[in-house]
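Encoded as structure tokens, the structure appears first; notes follow it.
The values are calculated or read from the model by the stated rules, or taken from the named source; none is laboratory data. Model, not experiment: these values are computed from the prediction. Here the Cβ is made from the backbone with ideal geometry for all residues, glycine too, and neighbour counts use every protein chain on show. Side chains included, ligands, DNA and RNA excluded: accessible areas come from the protein's heavy atoms. Shrake-Rupley method; radii C 1.70, N 1.55, O 1.52, S 1.80 Å.
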Amino acid sequence: MSAFTLHDLQCFDAVIRAGGFQAAAASLHRSHPAVFAAVAKLERQLGFDLLDRSGYRVRPTDAGRSFHRRAQALLREMEALRTHAAQLAMGEESELRVVIGDLCPRPQMLALLGRFFADCPGTRLHLHFEAVGGPLERLLDGDADLILHRIDKRDPRIEWLDLCPVPFVPVVAAGFLPFPVSRAIRPERMREFTQCVMRDSARHSPPRDYFMIEGAHQCTVADQLMKKDIILQGMGWGHVPRFLVEQELREGRLHSIAGRYLPGSVEELVAARRGDRAQGPVANRLWAYLGEQAPRFREAVDAAAAPSAMKSVKKSTRTVRSANPRG
């Protein structure tokens, strides 16, 4: 067996991924004959067929499929090595791409990012906002260096830092329902009312439905603040992060209908990045910073969600102290 090149492997990988030579050539920005010749050369060097060309479309042979699985690991390592070399060459990253998901408390997170990047004048922050499956898709596609959202923690490609739990609660505006609000409301009873749901910003990932009631009329929005506004106006109902509606719930402008049949959920907000790729010095400092600041971030979110309650506690404390000057 003679030595084969990285170029040959890349062409073979592209054919498998794209499903044919023409599509592979387009993805690699090379000519069809060049890709065809590279794969044929690789087969000659290996001494066995990688592709079955007997049908309308080429497909991998059993040996080709096995070889491709091992080749993918090498190609990923080469890509990581290229990235690492580029970062070493430039010293620090000139830019970082961060995606904030729809369930992340924005003011507190933006304050956190603002403080960090104020000390990194040579690195430009590219900030994006995505919803539902959009953040994870950007991360896996290589379009984001860091996301602040929910993830599947079982995915071996991803590493994460826990930031805070985010309870989601189903809410309605005062007077929205023609029957009493209770914890015994069933989903089928809400089917006749417009349900406000988030628009998934993912472009090619399988759609994910959260809290959807089959058969209900839907009003689709791009972010949680728009959802909250629509619910407050009595134009629909829906599940929202509790930190976003805590004050309205206390004031009675919104009512929770969470119960046995509409329990809501608790999502885990995390900072996540690819664990199988090299990270630059600024990205690593940001990662360490988020880990250090996570407790303060949780405290800031809790404080913002219940300002009136905190003021009441402080006022009560002052009253007790003034009435009992000796403590």
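Sort out which residues of region 160-176 are over 30 Å from Leu139 (Cβ atoms) and surrounded by fewer than 18 Cβ atoms within 10 Å (Cβ to Cβ), and write them in order of number. Result: Ala174, Gly175.
Condition first: within 30 Å of Leu269 (Cβ to Cβ) and of a type in the set (Asp, Glu). Can you find one or more residues in region 78-91 that meet it? The answer is yes; a qualifying residue exists. Residues that are in contact with a helix residue (DSSP H, G or I) (Cβ under 7 Å, 6 or more places away or on another chain), more than 30 Å from Glu130 (Cβ to Cβ) and polar (S, T, N, Q) occur at least once in region 31-49.
Scanning region 40-66 for residues that are closer than 14 Å to Arg17 by Cβ and of a type outside the set (A, V, I, L, M), we see that the one that is surrounded by the most Cβ atoms within 10 Å (Cβ to Cβ) is Gly64. Against the conditions (1) modelled with pLDDT under 95; (2) closer than 16 Å to Glu130 by Cα, Met226 satisfies every one except (1). In region 189-229, the residue that is surrounded by the most Cβ atoms within 10 Å (Cβ to Cβ) out of those that are among the basic types (Lys, Arg) and in contact (Cβ under 8 Å) with a residue 60 or more places away in the chain is Arg199. Filter region 109-123 down to the residues that are in contact with an Asp or Glu (Cβ under 7 Å, 6 or more places away or on another chain) and either farther than 16 Å from Asp145 by Cα or open to solvent by 70 Å² or more (accessible area, probe 1.4 Å) (or both) and list them by number. Matches in region 109-123: Gly122 only. The number of residues in region 230-268 being hydrophobic (A, V, I, L, M, F, W, C), open to solvent by 80 Å² or more (accessible area, probe 1.4 Å) and closer than 11 Å to Val169 by Cβ comes to 1. Of the helices (runs of 4 or more DSSP H) entirely within region 1-100, those holding at least 1 residues that are in contact (Cβ under 8 Å) with a residue 12 or more places away in the chain and in contact with a Cys (Cβ under 8 Å, 6 or more places away or on another chain) occupy 21-28, 32-46.
Please find, among Ala14, Ala24, Ala34, the residue that is among the hydrophobic types (A, V, I, L, M, F, W, C) and more than 18 Å from Glu79 (Cβ to Cβ). Checking each option against the conditions leaves just Ala34.
Can Arg106 be described as touching a residue at least 60 places away in the same chain (Cβ under 8 Å) and closer than 28 Å to His149 by Cα? So Arg106 does not fit the description; no. Tell me, which residue of region 124-142 that is open to solvent by 10 Å² or more (accessible area, probe 1.4 Å) and of a type in the set (Asp, Glu) is farthest from Asp276 (Cα to Cα)? Within region 124-142, the match that is farthest from Asp276 (Cα to Cα) is Glu130.
State whether the residues of region 255-263 include one that is polar (S, T, N, Q) and under 20 Å from Gln195 (Cα atoms). Yes, region 255-263 contains a residue that is polar (S, T, N, Q) and under 20 Å from Gln195 (Cα atoms). Take the conditions (1) farther than 26 Å from Thr83 by Cβ; (2) touching a strand residue (DSSP E or B) at 6+ places or on another chain (Cβ under 6 Å); (3) in contact (Cβ under 8 Å) with a residue 60 or more places away in the chain; (4) not aromatic (Phe, Trp, Tyr); Leu163 misses just one of them, which is (1). Can you find a residue that is of a type in the set (A, V, I, L, M, F, W, C), at pLDDT below 95 and either in contact with a helix residue (DSSP H, G or I) (Cβ under 6 Å, 6 or more places away or on another chain) or farther than 17 Å from Pro241 by Cα (or both) anywhere in region 139-162? Yes. Within region 279-292, if we keep just the residues that are over 18 Å from Ile151 (Cβ atoms) and surrounded by 18 or more Cβ atoms within 10 Å (Cβ to Cβ), the residue that is modelled with the lowest pLDDT turns out to be Gly280.
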